[in-house]
Amino acid sequence: MSRQANESGILSARGVSKSFGGVAALHDVSFDVLPGEIHALVGENGAGKSTLVKIIAGALSPDAGEVLFKGDPFKPSDPGAAAEAGIGIVFQELPLIPDLTVAENVFFDRQPLTRVRTVARRRLRAECVEAFERFSLTGIDPEAQVRDLSVASRQLVAILKALAADPSLLVLDEATAALGPSEVTWLLEQVRAAAEAGVAVIYISHRLAEIADICQRLTVLRNGESVGSWRNGELESEELVRAILGRRLGQLYPGIPPTVKPKVMLETKGLRAGRRLRNLDLQVKEGEILGIAGLEGQGQLELILSLYGMLTSHGSIFVDGVEHRINSPRDALRAGIGLALVPEDRKTEGLLPTLTIRENLALPVLHRVSHLGYISSQKEAELVGPTIHRLNIGRQDPSQLAGDLSGGNQQKVVVGKFLISGARVLLLYDLTRGVDVGAKAEMFLTLNELAAEGYSMLFYSSDVTELVNVAHRIVVMFDGLVCADLLNDGSLDEEMIVAHMLNAADRTGVVGSLVR
């Protein structure tokens, strides 16, 4: 039974509403967070969660209603004012400054100063090292520039920045989306420790297993409205999904497609690239979804980038039996059937948010919709229309800006433009990261349909459960090599895959250095 929280919390939203261009992002939303409580905020992409977080942070002002913090009306002028008041927020879009170091980001606006008001560099580094030790986080150089870090490491730095400020309220908006299993374990430990120390936590995640594991209460938003609040365990998983979607889901995973043809569509021999990938041998067959598992930073990204020509590689790459030198994305697209990439960071590498869906989808095939340097909008629309309909992208309006789409629909655009290009081998890197349960179900169904049509897919996911339920076969990578090749014959489970991941690390003595 739904119960709206009526206790007085450290933070309370009362009838909060916010509209953009006449479209309501939030309507009359109310909820409370108590000191020492981990309170989940769940809902589909576009349900209003991030809008509510931005109002709490002072990045947006509500059109109606109010926010109370520690019992008083709270209207921060900007996120800096919210931080000064004691609110630490890890936004879904990481608010780090790429040209500053890790230490400069962690203590941004709080740097230790000398007597002449310049930054005390040695003290800054020492305090950053102390923060890493305090929160048991290793493996990141305080002097490294943030732009040189992986997405997962940048996420850890953003989390550390929020924790190190000793907030009264900690808000985590999809903080685990880019993290691997060991990093997720570390974060959940820190969240529990913060709550035990009396910190209130708002926890936003599409990973319902995390919600069940860590939160005391949860509030569901749907279409910008509060559906209700429940104590953890009051709802069965199917009831929770129904509350999120407003309907029954049916099945999240449609089952693994039964047919993989013997023809090898993609093969690497002795592939080497970057600092991690070394002498990798791999095969992907026609109609096969090959899952890639591994601890973060074991060569998975280098594999994808080298196959797409974004990273210089050595060794041999075969597409449909023909060897190709792939030195650029153009080479990848022209390599016989072609290769496609759904990248780690879709907003900077996968699409152009200021262009429309139509323009994004047509990017790889501009030669088919242009003449004498001029692009025909009509030809673009005719070309991309079937793909927009097939993938059910947004409101199926080709003129809709890609930046206005939810995360799940943005991923569909990234996939769709490579389907239009004629690619038959798809490189999928964390396809469902930050995507809600409804969009995930649509994506998995689409992958099944593509596999049945003979598309071959290299599917990396930081969510091991996805790999077990989606891939025909799973290879575990460690230190740039395949350390296990597992046929998903029905006996494979998450524990077995994680065991292979950790055993490889344990054999080399580095498992304790990843996250203490």
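Read the figures in this text as sums done on the coordinates, not as results from a lab. Note that this is a predicted model, so its numbers are computed, not measured. In this analysis, Cβ positions are derived from the backbone assuming ideal geometry, glycine residues included, and neighbour counts consider all displayed protein chains.
Excluding same-chain neighbours fewer than eight residues apart, the lysines reachable from K261 by a Cα-Cα span under 18 Å are K285. Close amide H contacts of A25 (hydrogens built in the peptide plane, cut-off under 5 Å, sequence separation of 5 or more or a different chain): K18, S19, F20. Checking the Cα-Cα distances for K18/K161; K54/K161; K75/K440 against a 26 Å cut-off, the pairs over it are K18/K161; K75/K440. Annotation for region 263-303 versus region 399-462: alpha-carbon center distance of 19 Å. Every Cα-Cα pair of region 121-160 was included, and the share exceeding 12 Å stands at 58 percent. Three principal axis extents describe the C-alpha atoms of region 11-245; from largest down they are 52, 36, 32 Å. Over all pairs of different C-alpha atoms in region 361-512, the reciprocal of the mean inverse distance, the Kirkwood hydrodynamic radius, equals 17.6 Å. Ordering 25-33, 290-298, 109-117, 230-238 by mean Cβ neighbour count within 10 Å, with the highest value first, yields 290-298, 25-33, 230-238, 109-117.
How much mean residue ellipticity at 222 nm does the chain get from its helices, if each DSSP H run of length 4 or more adds -39500 (n - 2.57) and you divide by all residues, to the nearest 500 deg cm²/dmol?
Mean residue ellipticity at 222 nm (helix-derived): -9500 deg cm²/dmol.
For the chain, the relative contact order works out to 16 percent when only alpha carbon pairs closer than 8 Å and six or more residues apart are counted. Here the translational diffusion coefficient of the chain follows from Stokes-Einstein with Rh set to the Kirkwood radius across Cα pairs; for 37 °C and 0.692 mPa s it amounts to 136 µm²/s.
In a fully extended conformation the segment linking L113 and D148 would gain 10.0 nm over its present Cα-Cα distance, using 0.36 nm per residue. Computed on the Cα atoms alone, the convex hull of region 353-421 gives a volume of 70 cubic angstrom per residue. Computed 3J(HN,Hα) for region 197-208, one whole-Hz value per residue from the Karplus formula 6.51 cos²θ - 1.76 cosθ + 1.60 where θ = phi - 60°, is 8, x, 6, 7, 10, 9, 10, 10, 7, 8, 8, 5, glycine and proline marked x.
Here R123 and R395 are evaluated by their C-beta separation; at R0 = 56 Å the FRET efficiency comes out at 0.60.
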